[in-house]
Amino acid sequence: MRHALAILISGRGSNMAAIIERAQAESWPADFCLVLANNPGAPGLQTAAEHGIPTAVLNHRDYRGRRSEFDSALAERVQSAGATLVVLAGFMRILGPGFTQPFAGRIVNIHPSLLPLYPGLNTHQRAIDAGDSVAGCTVHLVDKSLDGGRVLAQAEVPVLPGDNAHTLADRVLIQEHRLYPSVVRDLIDGRLSLEEGQTAPNRQFKQEAAK
Ligand code: GRF
């Protein structure tokens, strides 16, 4: 089956770009059917357009106090683009059941911590404050929990003396750009499955992907 990927972003879209560039370099059997941002000023929209990918904006500010309507409108846009897999890449909105239900088992996200540690925001500062010697990123299935869906793969980096949230974020981001395209490729090729009840080869895959 040829996959149709929809990527949802909110900002610069460097993970999105890493995925698109790997897909083009390796001629993945997949199409990018949509890049959608909830923020009209997201720089990643321009990057996507330069790659010839259809873009759209669904501004969450137009849905103040009507979160479930935003979720339904988003589901409609992504569905009408024909997406078979939804890739969240720095998408800074929490998705409710109006989106997660119709796409159950078909949404992945990258989070800049070694989940289950530090769901939510400010992950790098929290890792530093906790005195952690290792930080990293996680690709996981998206369900109705906040950053709580099944872990598909992780990559680690050291926390170095003198690190601040920015230096650590930069080090983690290098791994994000390696890990996320690898996981999406493996999903497309069927080496990794998002279906409930299947066991992801987490640790083994993590070591492979981090190479
Ligand atoms: C990344 O660190 C990602 O893990 C987090 O938000 C950041 C997005 O960066 N969810 P970019 O837009 O992909 O450059």
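The values are calculated or read from the model by the stated rules, or taken from the named source; none is laboratory data. From a predicted model like this one, the values you see are computed outputs, not experimental measurements. When we count neighbours, we look across all protein chains shown, and the Cβ atoms used for this are built from the backbone with ideal geometry, even at glycine. When the accessible area is computed, the model is the full protein with side chains, heavy atoms only, and any ligands, DNA or RNA have been set aside. Shrake-Rupley method; radii C 1.70, N 1.55, O 1.52, S 1.80 Å.
On inspection, Gly96 passes the criterion of being of a type outside the set (Lys, Arg) and over 22 Å from Asp170 (Cα atoms). Annotation: Pro112 fulfils all but one of (1) within 27 Å of Ala81 (Cα to Cα); (2) within 14 Å of the chain's Cα centre (by Cα); the unmet one is (1). Among the residues of the range 55-90, those identified as among the β-branched types (Val, Ile, Thr) and either within 15 Å of the ligand (Cβ to nearest atom) or on the phi > 0 side of the Ramachandran plot (or both) are Thr55, Val86, Val87. Restricting the range 148-182 to residues that are acidic (Asp, Glu) and more than 11 Å from the ligand (Cβ to nearest atom) leaves a set whose member that is nearest to Ala30 (Cα to Cα) is Glu156. Can you tell me how many residues in the range 1-54 are within 15 Å of the ligand (Cβ to nearest atom), open to solvent by 60 Å² or more (accessible area, probe 1.4 Å) and either assigned to a helix (DSSP H, G or I) or under 15 Å from Val86 (Cβ atoms) (or both)? Going through the range 1-54 one residue at a time, the tally reaches 3. Exactly one residue among Arg126, Arg93 is within 16 Å of the ligand (Cβ to nearest atom), open to solvent by 30 Å² or more (accessible area, probe 1.4 Å), in a helix (DSSP H, G or I) and in contact with a Phe, Trp or Tyr (Cβ under 8 Å, 6 or more places away or on another chain), and that residue is Arg126. Residue under question is Gly131, and the condition is that it be more than 30 Å from Arg67 (Cα to Cα), at pLDDT below 95 and either of a type in the set (A, V, I, L, M, F, W, C) or surrounded by fewer than 22 Cβ atoms within 10 Å (Cβ to Cβ) (or both); does it hold? No: the conditions fail for Gly131.
The set of residues in the range 55-83 being among the aliphatic types (A, V, I, L, M) and assigned to a loop (DSSP other than H, G, I, E, B) consists of Leu58, Ala81, Ala83. Cβ separations smaller than 8 Å between residues 6+ apart or across chains give no pair from the range 2-18 residues that are at pLDDT below 95 to residues that are near the ligand (Cβ under 10 Å from one of its atoms) and not β-branched (Val, Ile, Thr).
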